[in-house]
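Following: one structure in structure tokens, then a few remarks.
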Amino acid sequence: MAVWDKKITWCFMLLLAGAAGHGVNYPDPVCAVKGSTVTLPCTFTPVESVRDNGREVLIEIIRVIWCRNHEFCQDPTTSVYDSELTNNNPRYRYLGDMKGNCTLQIRDVQKEDEGTLRFRMEANIKEASFTGRQPGAKVTVTDQTPMKIESSSDREFKKGESVTLNCTLTTKCTFHQLKFTWFRDGHALSESGPTLQLTALAAKDSANYTCGLKNASTLSPPYRLYVEAEEEETNSGTVDPQLAVRLVLFTLHTVLIIIVASIVIKRMCVCKKEERKDVTVPPPNFIEEL
């Protein structure tokens, strides 16, 4: 009877040691945009040692597992990462270790990744293995990407100033490692990041800007950027090209009219002189005879 009681005592102590030491710290629920990369920061606290048959045994972690939508992470069909396997889904990367870091990264997130993910560690002593059941890492996936543009300063800008435009989601979802598209008055720009930096602003930068995720069908509402011309530029700045062309044409037309008028007047004067020369004047003797 004493031997049986002793075994029960040791088992109870082993369970207490595991319960006191085991623990997994999961991140807050995460929302990810389809196609993006999401990182689930995670830490776990294993027990360092247990007493078995009167001796202290150090714990060695020999296996780590991440599973989806399974409470104990012991069904191979639900595993998304298993350190004992070599054919894990390449979209799942274990960034942790065998000591206390259980961070998991999911690349090119798909709708099938949605659910509650849990972490399990297995030790050299079976009783020291455990699964972090609650609350788990909850992941939701969306393919709706409503965007908006935020400016580093909501005001009118002057020539030569700088501004940064940020393309963000209207929902709190992660969109890491996704490419963006930017448009100025409907014309595509070369930038592909979530921010658009405009330096040395000029009048040509006054336009409607829109952004969105690449290969997505929806764009943000237009953001109107207005660059105010400097006072000197307003009074004596650059001339409108169309106005300049009109002025040149008007000047040429005026000069042409003057040239034509001068030629006409000159010819008229020459004609009058020739007419005067053709008039016959009677000789003086003829007048006296009369």
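Data table
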item: Residues that are open to solvent by less than 50 Å² (accessible area, probe 1.4 Å), assigned to a loop (DSSP other than H, G, I, E, B) and either among the small types (G, A, S) or closer than 25 Å to Y226 by Cβ (or both), drawn from the stretch 169-193; result: L189, G193
item: Of residues in the stretch 223-259 being within 30 Å of S152 (Cβ to Cβ) and part of a loop (DSSP other than H, G, I, E, B), the one modelled with the lowest pLDDT; result: G237
item: Qualifying positions in the stretch 26-42 - touching a residue at least 60 places away in the same chain (Cβ under 8 Å) and open to solvent by 50 Å² or more (accessible area, probe 1.4 Å); result: P29, K34, T39, P41
item: Residue count for the stretch 154-169, restricted to those that are more than 23 Å from K34 (Cβ to Cβ), under 18 Å from the mean Cα position of the chain (by Cα) and of a type in the set (S, T, N, Q); result: 1
item: Single residue of E56, E71 found to be part of a loop (DSSP other than H, G, I, E, B) and among the acidic types (D, E); result: E71
item: Residues being surrounded by fewer than 18 Cβ atoms within 10 Å (Cβ to Cβ) and over 19 Å from P46 (Cα atoms) - total across the stretch 61-80; result: 4
item: Filtered residues of the stretch 194-208 (kept if more than 20 Å from the chain's Cα centre (by Cα), of a type in the set (G, A, S) and open to solvent by less than 60 Å² (accessible area, probe 1.4 Å)); result: A202, S206
item: First in the stretch 49-76 and among the β-branched types (V, I, T), second anywhere and open to solvent by 90 Å² or more (accessible area, probe 1.4 Å) and part of a helix (DSSP H, G or I), Cβ under 9 Å, 6 or more apart; result: V50/E127
item: Criterion violated by L201 - all others in (1) in contact with a strand residue (DSSP E or B) (Cβ under 7 Å, 6 or more places away or on another chain); (2) part of a strand (DSSP E or B); (3) at negative phi satisfied; result: (2)
item: Filtered residues of the stretch 125-139 (kept if of a type outside the set (G, A, S) and within 13 Å of N25 (Cα to Cα)); result: T131, R133, Q134, P135, K138
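The values are calculated or read from the model by the stated rules, or taken from the named source; none is laboratory data. Computed from a prediction, not measured in an experiment: that's the story for all the values here. Every residue, glycine as well, gets a Cβ built from its backbone with ideal geometry; the counts of neighbours run over all protein chains shown. Remember, those area values only see protein heavy atoms, side chains included, never the ligands or the DNA or RNA. Shrake-Rupley method; radii C 1.70, N 1.55, O 1.52, S 1.80 Å.
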